[in-house]
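Undergrad: Once you've had a glance at the structure underneath, I'll fire off some questions.
The values are calculated or read from the model by the stated rules, or taken from the named source; none is laboratory data. What you see is a predicted model, and the numbers here were worked out from it, not measured in a lab. So basically every Cβ, Gly included, is an ideal-geometry build from the backbone, and we count neighbours across all protein chains shown. Side chains included, ligands, DNA and RNA excluded: accessible areas come from the protein's heavy atoms. Shrake-Rupley method; radii C 1.70, N 1.55, O 1.52, S 1.80 Å.
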Amino acid sequence: MRGPRPHIAVVLMESPGTGGSDPLYEESVILVYAADESDARVRAERRARSRETSYLNDRGETVSWSFKRVVDVSAVLDEDLTQDADLYARHFRDYAAYQRFEPLLSGEEL
């Protein structure tokens, strides 16, 4: 039987916003070691939930981050992580939607 394999998980966190601002979402790509995809999904959710937090910002407003969902889990594409490696790939059809979604493509700073 094989031991745990590296898996990439895409995890979505949510902050409801403060002072009337729109919600903010964070997509994180995390590495987990698991026996299979199902185990990797459980481990990814556990790790994301461990990052849930609330704190006061510099304006005294409560900022909170909570786990929303595990979006995707996949075994890494190249298992040898001791050298340059392809880790994860995803595909989409609507580039215009991707541009609207990804603020870094338009030069927006977060």
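Undergrad: Val71's amide H: which non-local residues (gap 5+, or another chain) put their own amide H closer than 5 Å, with H modeled 1.01 Å from N in plane and none for Pro or chain starts?
TA: Distant-sequence amide H within range of Val71: Val10, Val11, Leu12.
Undergrad: Rounded to a whole number, what is D in µm²/s for the chain from Stokes-Einstein with the Kirkwood radius over alpha-carbon pairs (25 °C, 0.890 mPa s)? Before the final figure, lay out each step's value.
TA: Numbers: Rh = 16.1 Å.
Diffusion coefficient, whole number: 152 µm²/s.
Undergrad: What are the residues whose amide H is under 5 Å from the amide H of Tyr88, where those residues sit 5 or more places off or on another chain and H is modelled from the backbone?
TA: It is Leu77, by chain and number.
Undergrad: Going by amide H atoms built from the backbone, whose H comes under 5 Å of the H on Gly17, apart from near neighbours?
TA: So Gly17 has HN proximity to Leu24, Ser64.
Undergrad: May I pose another question? Within the chain, which is the longest segment containing none of the GluC sites (Glu not before Pro) that sit in a DSSP loop and have at most 13 other Cβ atoms within 10 Å?
TA: Working: sites that count: Glu52, Glu61, Glu79, Glu108, Glu109.
It works out to 1-51.
Undergrad: Right, next: Residue by residue, what Karplus-based ³J(HN,Hα) values in Hz, rounded to whole numbers, does the range 33-47 have, using 6.51, -1.76 and 1.60 with θ = phi - 60° and x for Gly and Pro?
TA: For the range 33-47, the Karplus curve yields 10, 8, 6, 7, 5, 4, 5, 4, 4, 5, 5, 5, 5, 4, 5 Hz.
Undergrad: Keeping every protein chain present and rolling a 1.4 Å probe, give me the accessible area per residue for the range 10-94 in Å². Walk me through the intermediate numbers first.
TA: Working: 5990 Å² over 85 residues.
That works out to 71 Å² per residue.
Undergrad: Ignoring any ligand, DNA or RNA, what whole percent of the accessible area of the chain comes from carbon and sulfur when the probe is 1.4 angstrom?
TA: Values: 3870 of 8090 Å².
With neighbouring chains kept in place, the figure for the chain is 48 percent.
Undergrad: Output ³J(HN,Hα) for the range 73-89: one whole-Hz value per residue in order, computed from phi by the Karplus curve 6.51 cos²θ - 1.76 cosθ + 1.60 with θ = phi - 60°, and x for Gly and Pro.
TA: 9, 8, 4, 4, 6, 10, 6, 7, 8, 8, 9, 3, 8, 7, 9, 7, 9
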